[in-house]
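Here is the structure we will look at.
The values are calculated or read from the model by the stated rules, or taken from the named source; none is laboratory data. Not measured: the values here are computed from a predicted model. Note that each Cβ is placed from the backbone with ideal geometry, even for glycine, and that neighbours are counted across all protein chains shown. Accessible surface areas use protein heavy atoms only, side chains included; no ligands, DNA or RNA. Shrake-Rupley method; radii C 1.70, N 1.55, O 1.52, S 1.80 Å.
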Amino acid sequence: MNFLKKRETPVQNISYIGIMAAINVVFVLISSLLPILFILLVFILPLTSVIVTIYCKKAYFPVYFVTTLALTFAVTSGFSIFDTFIYVLPSLITGFIFGLLIEKGISAIYILVINSIVQYLLTYLTFYILDNLITHVNFFDSIYNLVGLSYFEFKGVLTNIFIYIIAQIQVLLTYILVRYEVNRIGIEINLKCENRFILYLVVLVFGLLTLFSVLFFPNWATIFTLIILPIIFFELIELIMKIKPWIYVLLGVSLFASIFLFAFLTKYVQSPNQLVLLYVFFAFITIIDFIVYYCFKPKVEHIK
């Protein structure tokens, strides 16, 4: 039987889902017994969800979702509830999104941005549920007490940054593994981004959200700045790969201008949100990318 092929009949879909759910539970159990192997969950769970999304009918994914969660609780007798909420639940959802977007041929940069936002929200919600409804122990307060930051004035901002870092690591690891594995099974991820307008619009929207948050919700301002990092890295790599001296000059001028503006404006930004001034450099990068992509885009010659 070819394990990596489309499932058509109900029996084929249910059988496949059962196998993949069992694989998930085995790795959850292993990581629960040997916590040092938790990295297996980060790698395996999103990949199995991607495979199920691609090779099974979408109507059966809720069955896979519920089955995996139920078996996880049953087999581990509930003692791995932390693993379930931190790794299993978000991985099922982001794996589904990864698989769906890959199947639709969506550009990789959009997949990364969408999953970064979703993963952050899921991770934040997970810690909120654990802290307030299940364990009643604030995970981050425990860490702050351990490292002597119990009375740190800006714990809210620091907590959001920690959650973002956790979420971003999971997304990047998932993307790296999924990209490698799906290529091996004959599925290509779209690495091109033909329509940059949406990227520029996202940068603009999050810039406005950052400004709004600095004024009214300072604990969230830094997150709105960091969430577009995948776009900025993508634009920067694309610009560098052009290997054009004038682009390098623009990037260098933008960097020095950003440093100057950062130093000048930092006194006007309430602590600890000075990181939002990184958006100045992000804006420069996006403007340069816009100029290069739309004003100096090579013309396609039509063959007569």
Of all residues making up segment 88-120, the number that are under 30 Å from residue 75 (Cα atoms) and either without any contact (Cβ under 8 Å) to a residue 24 or more places away in the chain or open to solvent by 30 Å² or more (accessible area, probe 1.4 Å) (or both): 6
Within segment 65-81, tally of residues that are open to solvent by less than 70 Å² (accessible area, probe 1.4 Å) and either touching a Cys at 6+ places or on another chain (Cβ under 6 Å) or modelled with pLDDT of 80 or more (or both): 6
Tabulated pairs, segment 194-214, first over 18 Å from residue 281 (Cβ atoms), second among the aliphatic types (A, V, I, L, M) and open to solvent by less than 80 Å² (accessible area, probe 1.4 Å), C-beta under 7 angstrom, 6+ apart or interchain: 213/221
Failed item in (1) open to solvent by 40 Å² or more (accessible area, probe 1.4 Å); (2) out of contact with any Ser or Thr (no Cβ under 7 Å at 6 or more places or on another chain), with residue 281 passing the rest: (2)
Matching entry among 255, 250 (being farther than 28 Å from residue 218 by Cβ and free of Cβ contacts under 8 Å to residues at least 60 places away in the same chain): 250
Output for segment 242-273, where each listed residue is assigned to a helix (DSSP H, G or I), under 17 Å from residue 214 (Cβ atoms) and open to solvent by less than 40 Å² (accessible area, probe 1.4 Å): 273
Hits in segment 46-61 - residues which are open to solvent by 20 Å² or more (accessible area, probe 1.4 Å) and under 23 Å from residue 169 (Cα atoms): 47, 51
Scope segment 288-301; condition open to solvent by 90 Å² or more (accessible area, probe 1.4 Å) and at pLDDT 85 or above; matching residues: 290
Residue satisfying condition, being at pLDDT 80 or above, within 15 Å of the chain's Cα centre (by Cα) and farther than 22 Å from residue 28 by Cα, within set 93, 117: 117
